[in-house]
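I have placed the structure first, in the form of structure tokens, so that the comments after it can refer back to it.
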Amino acid sequence: MKNIDKLIEIEALLENITKHFAKNNLLRVKFLYFARQYQNLSVGMIIDKLGVKKSNFALMSSKLEKEGVIAVKQGELDKRNRMLFLTEKGEKELDKFLGELSAFFGKAGADTEKAIEQLNYFLNKKI
């Protein structure tokens, strides 16, 4: 199997696993994760990381803000930028999802940890 075939298969398997724990609302979970992970990035940069259209992002952020899961604030340095932050409710929702996913995968060995770290590094360099 070529590397690209392996990457496509890995992506599909990971998406299926995460969809199960996300109760088929994977975009919502990704949104919460990136809002926490990249809270110093502008909305535009998070859109790039998520790989979604601006209109879909706007709909999802509006919905999550109304639910009290995220807060959207103006950037401190550049007032034109909008920044996303998880609320306490959003933190709890994301922690529950990550906890369930972590329990499913269990403790990874050193080889697995290294392989995941290398794949993460490689993909982040490409994106």
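FYI, it's all coordinate maths here, none of it is from the lab. These figures come from a predicted structure and were not determined experimentally. FYI the Cβ positions are ideal-geometry reconstructions off the backbone, even for glycines, and counts take in every protein chain you see.
Let's test this: bin the Cα-Cα distances of the stretch 3-126 at 10 Å from zero up to the farthest pair and state each bin's percent.
Calculated over all Cα pairs of the stretch 3-126, the distribution is 11, 37, 36, 14, 1 percent.
Rounded to the nearest 0.05, what FRET efficiency do LYS49 and LEU101 give with R0 = 22 Å and r taken as the Cβ-Cβ distance? Could you check?
Working: r = 19 Å, r/R0 = 0.86.
Efficiency, rounded to the nearest 0.05: 0.70.
Provide the net charge surrounding ALA35, with neighbours chosen by a C-beta distance below 12 Å and charges set as Lys +1, Arg +1, Asp -1, Glu -1.
Result for the local shell: +3.
For the pairs LYS19/LYS96; LYS6/LYS125; LYS2/LYS49; LYS19/LYS49; LYS6/LYS126; LYS66/LYS89, flag any whose C-alpha to C-alpha distance is greater than 20 Å.
On the way: LYS19/LYS96 14 Å; LYS6/LYS125 18 Å; LYS2/LYS49 25 Å; LYS19/LYS49 18 Å; LYS6/LYS126 16 Å; LYS66/LYS89 12 Å.
Over 20 Å apart, Cα to Cα: LYS2/LYS49.
Can you put LEU84, LEU27 in order of Cβ neighbours within 10 angstrom, beginning with the fewest?
LEU27, LEU84
Using a Gaussian network model of the chain whose springs link C-alpha atoms within less than 10 Å, name the residue from ALA108, ALA22, ALA58 with the highest mean-square fluctuation.
Comparing ALA108, ALA22, ALA58 in the GNM, the peak value goes to ALA108.
Looking at the stretch 15-87, which GluC sites (Glu not before Pro) are DSSP coil and have at most 10 other C-beta atoms within 10 Å of their C-beta?
GLU76
Taking R0 as 41 Å, what FRET efficiency do you get between GLU11 and GLN39 from their Cβ-Cβ distance, rounded to the nearest 0.05?
0.95
With θ taken as phi - 60° and the coefficients 6.51, -1.76 and 1.60, list the Karplus ³J(HN,Hα) couplings across the stretch 10-25 in order, rounded to whole Hz; mark glycine and proline as x.
Each residue's phi maps through the Karplus curve to give 4, 4, 5, 5, 5, 5, 5, 5, 5, 4, 4, 6, 8, 6, 6, 10 Hz.
Please list, ordered by chain and number, the residues whose modelled amide H lies under 5 Å from the amide H of MET83; skip anything fewer than 5 residues away on the same chain.
Hits under the 5 Å cutoff: LYS73, GLN74, GLY75.
Please state the Cα pair-distance histogram of the stretch 26-87 with 5 angstrom bins from zero: what percent is in each bin?
Spelled out per bin, shortest first, that is 4, 20, 34, 29, 11, 2, 0.
For the stretch 89-127 and the stretch 1-54, what is the centre-to-centre distance using only Cα atoms, to the nearest Å?
12
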